[in-house]
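Read the structure below first, then the notes.
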Amino acid sequence: MDVLAALRERILAFAASRYGRQLAEDVAQEVLLVLHQKYAHVTEITELVPLALQIARFKLVALARKSARRGENRSVDVTEEPIPDHHVNIILEIEQRELIDQLHACLPKLGERCREIFRLKLDGQSFPEIQLALGAGNINTVYTWEARCREDLKLLMSQARRPQ
């Protein structure tokens with residue numbers, strides 16, 4: 001009996017170090033059950049410990065597979081998920097509205113090419129399609145134009161935010 005108690009403690013420590021105490025209790029119980037049912041002929045502690053730990057490993061892997069299959073490892077605890085605060089959404093909406101207003105004010109100040117690049121990007125066109133539409137000889141030219149246009153827009157928007 002002392003052998004089984006010591007063996008149970010080893011299995012418990014092994015499983016708890018990987019998956020927590022609650023799961024370790026269940027795994028230890030299942031391992032001892034398997035040892036009793038299928039390996040009753042093994043009596044030496046030097047053979048029982050490695051065998052028990054191997055069975056525990058198999059049980060833990062099976063539990064992990066089962067958990068992944070069910071999606072339990074991707075679930076979110078309902079008590080930890082914050083309740084949406086509609087006041088925060090209102091603040092975000094106001095900030096987005098201000099940003100859109102700034103964009104509407106700053107976009108006309110950009111050059112024709114920049115406005116056209118942004119229009120094509122908003123239409124969902126890729127860089128090769130924009131290259132064809134603008135008649136650029138090289139796609140790297142379009143990348144450069146677009147990067148400069150973004151920088152110009154950032155500059156105009158930062159100037160619009162500063163108090164005059």
Counting only residues that are over 30 Å from GLU72 (Cβ atoms), part of a helix (DSSP H, G or I) and of a type in the set (Asp, Glu), the stretch 1-50 contains a total of 2
Give me the residue from the stretch 81-112 that is among the charged types (D, E, K, R) and more than 23 Å from ARG162 (Cβ to Cβ) and, out of that set, nearest to the chain's Cα centre (by Cα). GLU81
Working carefully through the options LYS121, LYS66, find the one that is within 30 Å of ARG8 (Cβ to Cβ), modelled with pLDDT under 95 and basic (Lys, Arg). LYS66
Take GLU30 and tell me if it is exposed (fewer than 15 other Cβ atoms within 10 Å of the Cβ) and either among the β-branched types (Val, Ile, Thr) or out of contact with any Leu (no Cβ under 9 Å at 6 or more places or on another chain) (or both). no
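The values are calculated or read from the model by the stated rules, or taken from the named source; none is laboratory data. The structure displayed is predicted, hence computed values, not measured ones. No Cβ is skipped: glycine too gets one built from the backbone with ideal geometry, and neighbour counts run over all protein chains shown.
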